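I have placed the structure first, in the form of structure tokens, so that the comments after it can refer back to it.
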Amino acid sequence: MFRVFYHIGYFGSKYPCFVFLICLALSGIMSLGLYNLQVLTDPQSLWVSSSSRTYQEQENSAENFGPFYRTNQFILTYQNENWVNIFQKEGLQVIYFLQNIIRNRKVLIGGRNTTLDDLCYRPISAKGCYIPSPMDIWLQDPNLLEKDHDIQFTTLCTESIDVNQTNIPCSDQNGIPIILESVFGGITCEMRQNDTQPCDHCYIQAKTMAVTYLLKNDEFTKQNAELWEKEVWMDTLDALNKRNYKKLYENYNKSIMVAPREELLDQYKVGFMAERSVSDEINDETNQNAWIVIVSYLMMFAYIGFAIGQFPSKIYNGFTLGLGGIFIVAVSMISSIGLVSYFNIGLTMISLEVIPFLILAIGVDNMFIITHNFKKQKHPTIEERMGNTLDQVGPSITIAAICETLAFLVGSLTKMPALQSFCIQAAVGVFIDYFLQITMFVAFLTWDEQRKKHKRYDLFVCKQDINYTIKENRKLIQTFFKKKYSNLLQKPVCIITTMLIFIFLFVISCVGITKIEVGLDEQVSMVEGSNLFNYMTLEKKYIEIGPLAYLILENLDYQDPHDLELVANLSNSLSQLNETVQPPIYSWVASFNLFIREKAEWTLACETEDIALYDLPTQLKRFLGVRINSPCCQRYGICGETFEADIVLNEKGYVKTSRLRFQHRPIHNSAGYILSLEQTRQVIDKVVKQGKLKDGQKVYSYSMPYVFYDQYSYIRGVAITNVFLALATIFLTMSLVQDVICAIIVVLFVFLIAFNLVGTIWLTNVIFGGFVIEINAVSVVNLVTCIGLAVEFVAHIIIKFRLCEGQRWERVKEAMSTMGTSVFVGIACTKFIGVAVLGFAPSTLFKLYYFRMYILMVILGAFNGLVLLPIFLGLIGPQSPVAQFRIRTLINKSDSNSITTSSAGSKGKNLL
């Protein structure tokens with residue numbers, strides 16, 4: 001067989017234009033897939049697997065009851081949050097003012113003016129929009145508010161605000177009861193002297209007031225709702241914060257109430273969010289972080305140009321070659337995105353932000369390995385020198401690339417979309433980068449050598465100085481590693497210090513792996529100071545009501561005592577979850593059973609004297625016909641109309657699917673959401689298991705947050721699985737192409753770097769406080785990335801050590817003077833410079849999950865790869881060297897004598 005790497009190098013150097021054009025053509029073909037590119041910004045498409053239990057339950061819920069409505073909320077508070085009570089008539093007038101503008105504003109969609117009435121969610125047919133608001137207590141009528149002499153007494157809900165006393169106290173215009181905690185935040189109770197009200201009660205004082213707009217979310221109105229949210233909802237509320245009162249007054253209908261004065265509006269601010277806010281925030285964050293990423297790449301480019309050449313020199317600098325290396329990274333990234341897009345795999349912003357750094361780290365290391373080994377060649381022709389260069393370093397580069405590619409590929413087996421997409425993109429990107437490094441970069445290096453031969457300027461290749469002479473290259477870093485650094489590592493004080501650091505890192509890693517929490521603080525993923533960030537700050541601080549949830553029942557028989565007992569047990573069990581569920585459970589089944597009870601005190605009011613004579617479909621029809629303003633509802637609380645949206649009937653009029661409503665307690669962090677999901681699911685599963693469902697029957701809970709937080713029930717398992725699959729892949733690859741001992745050492749040190757990363761993350765969380773790094777899809781992606789980078793930190797040094805002859809420390813010295821310098825200059829320094837810039841990013845997510853985690857990766861990789869590993873090899877490393885690469889045995893001439901241990905020992909590279 002032919003010496004493959006020699007011929008690749010020789011051919012690429014002899015025909016650089018041809019190789020460059022072929023590579024460019026192949027990249028162009030792969031890049032055509034960009035026409036099919038899908039950028040995933042929808043949070044659900046990023047974090048939720050379509051095969052997960054919660055996703056399936058959401059789909060079942062949507063199929064029966066329609067998609068969960070779109071939620072939009074604003075929170076009104078004083079500019080000075082230290083002011084005690086916003087629950088004043090003036091604050092309520094501002095609430096009405098904003099609601100009036102939002103209701104009246106129109107947006108032109110498809111040639112038609114669209115208003116809130118066209119998009120709002122109506123839980124009761126033929127009724128108005130459901131918009132929980134403090135003004136609902138006064139039926140959205142400013143005149144009733146003005147006549148009210150004690151608004152705090154009104155919120156005791158003992159008397160109807162309606163003059164005719166026909167409305168249930170504290171109910172809106174539709175007759176739906178108002179949950180005071182949903183419209184007031186930061187509630188305290190005012191103590192009054194001579195208070196004669198019976199029982200426990202609260203004269204409300206509040207720090208905030210909230211209004212929630214619920215919109216339809218079906219496929220016919222979704223796009224219209226998104227546009228309305230941007231052009232009306234967000235624009236109106238942003239105008240108040242920016243004091244654009246002209247816009248507000250222009251859209252206000254003052255026929256009922258005079259508009260508040262500017263001096264009054266100046267006292268207030270709003271925090272607001274729309275259903276589209278998270279997606280918008282992801283886009284805004286990406287745009288705001290773009291400049292810092294660009295600066296990072298420029299810094300790395302400048303460093304590469306300085307380090308890969310002989311700086312300062314107008315001809316022998318490495319900026320032109322560095323620019324070629326950056327070009328290869330860009331081409332690799334674009335090609336990988338295009339190729340993956342052919343298969344309809346979406347691109348996430350995580351991939352777009354992480355993979356270029358990953359490819360650059362690996363690519364730069366290969367650039368240094370190839371370039372500096374090329375400089376050592378003594379052959380007269382460039383072609384021969386290039387052929388021998390790849391012949392000597394190609395196998396090492398190939399082994400590392402195969403390990404990294406396969407490690408990422410096995411990570412794609414996970415069910416989490418964002419992580420799966422990243423792993424596939426990373427695997428393809430790393431392999432394409434490897435291919436271009438041994439082809440296109442060879443062409444670039446050839447051209448750069450020809451430029452130097454003709455004494456043309458670096459970057460400005462049209463200028464020439466034929467009389468320029470090169471000064472002696474002192475190779476400072478290589479000399480330091482060979483003569484100083486290796487000797488330093490052998491000193492007892494250095495060995496003892498390294499062992500102490502190793503023990504310390506191991507201990508904190510053992511502690512940290514049990515201490516790091518799962519989740520992702522919502523505000524971490526937002527730009528600090530943005531509208532959504534400010535809203536979440538107020539929401540966490542003041543809002544005292546949790547998310548709405550449903551207990552969904554499919555194909556139960558409501559005439560079967562067994563099924564009725566099951567429903568009762570489910571309702572009772574949920575109501576006993578005092579830590580996470582806020583009683584009561586709103587059960588249509590309980591209300592319906594009261595409705596059909598014979599000879600009850602409400603029989604006349606509900607007109608059910610003959611109800612027992614009818615079949616179930618008729619009874620249900622009459623029950624759902626009980627209006628909110630009827631005596632049956634007003635006096636006895638049997639309000640069938642309020643359950644219209646909770647019951648789905650089949651063609652015969654029997655209940656096909658129904659749901660019971662309940663409210664979770666206030667939740668302000670990931671741990672709370674996870675606990676709510678886990679407790680609710682455990683209780684329901686337990687009752688269902690005891691109740692023994694019949695064939696076709698289903699019982700499950702559903703709430704919108706469940707679908708996002710379900711991932712945290714298995715995210716630890718995903719992280720552990722990905723790490724160990726990657727390690728197993730690396731071990732198998734190294735065993736096949738190198739040897740088992742080499743594979744064991746590589747896997748051990750790669751694991752140590754990843755393990756130490758977890759420990760140091762926990763330690764920095766404790767030290768710095770504030771927002772912390774948690775276990776989530778972003779950190780798992782970074783952990784998988786750490787595995788890929790760790791291979792670069794250790795594999796080349798171990799392979800070189802196995803090829804060298806002599807005593808252990810002599811082989812360590814040789815390995816460190818060649819590959820050690822490449823790791824230090826090519827990976828550690830490059831990544832440190834590039835990542836350090838990310839600390840100035842405006843995004844907390846970038847500062848935590850990219851700056852902090854990547855800095856830790858570089859530091860731990862450098863410590864384990866450049867300090868602990870050589871000491872380990874010097875003390876207890878394998879004694880006998882490997883005569884030759886196994887991969888070379890497969891691809892080189894069987895009778896070749898040119899690749900021996902002695903020649904392998906010279907496969908280093910000149911560094912600075």
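Tabulated results
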{"read-out": "Filter pass, Leu556 being in contact with a Lys or Arg (Cβ under 9 Å, 6 or more places away or on another chain), surrounded by 20 or more Cβ atoms within 10 Å (Cβ to Cβ), under 28 Å from Glu57 (Cβ atoms) and assigned by TED's automatic domain parsing to the domain that holds Lys694", "value": "yes"}
{"read-out": "Residue list for the range 349-385, filter: among the acidic types (Asp, Glu) and either at pLDDT below 80 or not in a helix (DSSP H, G or I) (or both)", "value": "Glu353, Asp365"}
{"read-out": "Hits in the range 1-20 - residues which are of a type in the set (A, V, I, L, M, F, W, C) and surrounded by 14 or more Cβ atoms within 10 Å (Cβ to Cβ)", "value": "Val4, Phe5, Ile8, Phe11, Val19, Phe20"}
{"read-out": "Condition met for Ile585 (under 21 Å from Ile647 (Cα atoms) and part of a loop (DSSP other than H, G, I, E, B))", "value": "no"}
{"read-out": "Test: residue in the range 548-556 that is touching a residue at least 40 places away in the same chain (Cβ under 8 Å) and under 30 Å from Asp235 (Cβ atoms)", "value": "yes"}
{"read-out": "Pairs with Cβ under 8 Å, 6+ apart, first in the range 739-751 and assigned by TED's automatic domain parsing to the domain that holds Ala790, second charged (D, E, K, R)", "value": "Asp739/Arg802; Asp739/Arg886; Ile741/Arg802; Cys742/Arg802"}
{"read-out": "Condition check for Ala302: in contact (Cβ under 8 Å) with a residue 24 or more places away in the chain and either over 24 Å from the mean Cα position of the chain (by Cα) or within 30 Å of Lys455 (Cβ to Cβ) (or both)", "value": "no"}
{"read-out": "Filter result for Tyr673 (surrounded by 14 or more Cβ atoms within 10 Å (Cβ to Cβ), touching an Asp or Glu at 6+ places or on another chain (Cβ under 8 Å) and of a type in the set (Ser, Thr, Tyr))", "value": "no"}
{"read-out": "Total residues in the range 328-348, condition in a helix (DSSP H, G or I) and without any contact (Cβ under 8 Å) to a residue 40 or more places away in the chain", "value": "1"}
{"read-out": "Residue count for the range 126-155, restricted to those that are surrounded by 17 or more Cβ atoms within 10 Å (Cβ to Cβ) and within 38 Å of the chain's Cα centre (by Cα)", "value": "8"}
{"read-out": "Among the residues listed as Ile628, Ile647, the single one being in contact with a Ser or Thr (Cβ under 6 Å, 6 or more places away or on another chain), touching a residue at least 40 places away in the same chain (Cβ under 8 Å) and farther than 30 Å from Gln523 by Cα", "value": "Ile647"}
{"read-out": "Those residues of the range 50-96 which are hydroxyl-bearing (Ser, Thr, Tyr), over 19 Å from Tyr245 (Cα atoms) and either surrounded by fewer than 20 Cβ atoms within 10 Å (Cβ to Cβ) or without any contact (Cβ under 8 Å) to a residue 24 or more places away in the chain (or both), in sequence order", "value": "Ser50, Ser51, Ser52, Tyr55, Thr71"}
{"read-out": "Qualifying positions in the range 396-437 - closer than 18 Å to Ile337 by Cα and of a type in the set (Val, Ile, Thr)", "value": "Thr405, Ile424, Val428, Val430, Ile432"}
{"read-out": "Tally of residues being at pLDDT 90 or above and surrounded by fewer than 15 Cβ atoms within 10 Å (Cβ to Cβ) across the range 697-719", "value": "1"}
{"read-out": "Counted residues, the range 538-579 - those being part of a helix (DSSP H, G or I), more than 35 Å from the chain's Cα centre (by Cα) and charged (D, E, K, R)", "value": "2"}
{"read-out": "Wholly enclosed strands (runs of 3 or more DSSP E) of the range 195-278 bearing at least 2 residues touching a Pro at 6+ places or on another chain (Cβ under 9 Å), in contact (Cβ under 8 Å) with a residue 12 or more places away in the chain and not aromatic (Phe, Trp, Tyr)", "value": "208-215"}
{"read-out": "Matching entry among Phe851, Phe824, Phe846, Phe863 (being closer than 23 Å to Ala754 by Cβ, buried (at least 18 other Cβ atoms within 10 Å of the Cβ), without any contact (Cβ under 8 Å) to a residue 24 or more places away in the chain and among the aromatic types (Phe, Trp, Tyr))", "value": "Phe851"}
{"read-out": "Selection within the range 144-202 - hydroxyl-bearing (Ser, Thr, Tyr) and at pLDDT 85 or above", "value": "Thr154, Thr155, Ser182, Thr188"}
{"read-out": "Complete set of residues in the range 736-754 that are of a type in the set (A, V, I, L, M, F, W, C) and crowded, with 20+ Cβ neighbours inside 10 Å", "value": "Val737, Cys742, Ala743, Ile745, Val746, Val747, Phe749, Val750, Leu752, Ile753, Ala754"}
{"read-out": "Residues that are of a type outside the set (Ser, Thr, Tyr) and not in a helix (DSSP H, G or I), drawn from the range 6-38", "value": "Leu37, Gln38"}
{"read-out": "Pair list, Cβ under 6 Å, 6 or more apart: the range 7-18 residue under 14 Å from Thr381 (Cβ atoms) and modelled with pLDDT of 90 or more, other residue in a helix (DSSP H, G or I) and aromatic (Phe, Trp, Tyr)", "value": "Pro16/Trp447"}
{"read-out": "Selection from the range 351-363 of residues that are farther than 14 Å from Gly788 by Cα and crowded, with 24+ Cβ neighbours inside 10 Å", "value": "Ser351"}
{"read-out": "Unique residue being touching a residue at least 60 places away in the same chain (Cβ under 8 Å), of a type in the set (Gly, Ala, Ser) and farther than 22 Å from Val354 by Cβ when the list is Ala426, Ala443, Ala407, Ala400", "value": "Ala443"}
{"read-out": "Unique residue being under 18 Å from the mean Cα position of the chain (by Cα), assigned to a loop (DSSP other than H, G, I, E, B) and outside the structural domain of Gln697 (by TED's automatic domain parsing) when the list is Leu520, Leu532", "value": "Leu520"}
{"read-out": "Residue within the range 60-75 that is at pLDDT below 85 and on the phi < 0 side of the Ramachandran plot present", "value": "no"}
{"read-out": "Selection from the range 762-777 of residues that are among the β-branched types (Val, Ile, Thr) and within 19 Å of the chain's Cα centre (by Cα)", "value": "Val772, Ile773, Ile775"}
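Rundown of residues vs (1) closer than 30 Å to Phe708 by Cα; (2) more than 35 Å from the chain's Cα centre (by Cα); (3) among the polar types (S, T, N, Q), yes/no style:
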position	(1), (2), (3)
Pro583	yes, no, no
Ile596	no, yes, no
Phe643	yes, yes, no
Lys652	no, yes, no
Ala671	yes, no, no
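Residue-wise test of (1) at pLDDT 90 or above; (2) of a type outside the set (D, E, K, R); (3) crowded, with 24+ Cβ neighbours inside 10 Å.
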site: Thr760; (1), (2), (3): yes, yes, no
site: Asn765; (1), (2), (3): yes, yes, no
site: Gly770; (1), (2), (3): no, yes, no
site: Glu774; (1), (2), (3): yes, no, no
site: Ser779; (1), (2), (3): no, yes, no
site: Ile787; (1), (2), (3): no, yes, yes
site: His796; (1), (2), (3): no, yes, yes
site: Phe801; (1), (2), (3): no, yes, yes
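The values are calculated or read from the model by the stated rules, or taken from the named source; none is laboratory data. All figures in this text were calculated on a predicted structure; none of them were measured in a lab. Neighbour counts are summed over all protein chains in view; Cβ atoms, including those assigned to glycine, are modelled from backbone coordinates with ideal geometry.
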